[in-house]
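The values are calculated or read from the model by the stated rules, or taken from the named source; none is laboratory data. All of these numbers come straight from a predicted model, not from anything done at the bench. Because the Cβ atoms are built from the backbone with ideal geometry, glycine has one as well, and the counts that use them run over all protein chains shown. We work out accessible area using only protein heavy atoms, side chains counted, and drop any ligands, DNA or RNA first. Shrake-Rupley method; radii C 1.70, N 1.55, O 1.52, S 1.80 Å.
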Amino acid sequence: RRTGQEMALKVLRNQNAFDDFTIDRFKAEISALQKISHPNIVKAYDFLRLKDTIAYTMELVDGSDLAQMVRARALDEQEFVSIFSQVLKGIT
């Protein structure tokens, strides 16, 4: 929790992936998210480095995992276009 809000964690737990490049890329992802303020993009907050884990806290969003929905082909063409239009609006 952060100031009373529930948070989500994005976690990397594979210690073999904790080379400097991967950690820098993970930190760059957090930094990029922190600079974006848009209702279609989650807010990222804090980088965490624990014994065998790196993670960052981010806004908790209730809903389905988009990547899983795409892999499962759970979206029809209209839903797919609608969702990705919203994503594009968030990053442009």
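Annotation: aspartates and glutamates with alpha-carbon distance below 19 angstrom to residue 27 (same-chain offsets under eight excluded): 19, 46, 52, 59.
From most to least packed by mean Cβ count within 10 Å, the peptides 35-44, 49-58 give 49-58, 35-44.
Think of the chain as a dipole: +1 on every Lys or Arg Cβ, -1 on every Asp or Glu Cβ, centred on the Cα centre; then among 68, 38, 84, 38 lies furthest on the positive end. Qualifying GluC sites (Glu not before Pro) in the chain, where qualification requires a DSSP coil assignment and no more than 15 other C-beta atoms within 10 Å, comprise 6.
Excluding ligands, DNA and RNA, what is the solvent-accessible area per residue of segment 11-87 at a probe of 1.4 Å, expressed in Å²? Let's see the in-between values first.
Details: 5830 Å² over 77 residues.
Result: 76 Å² of accessible area for each residue.
Averaging 1/r over each pair of different alpha-carbon atoms in segment 14-92 and inverting the result gives 14.6 Å, the Kirkwood hydrodynamic radius.
Multiplying the residue separation of residue 84 and residue 31 by 0.36 nm and subtracting their alpha-carbon distance yields 16.8 nm.
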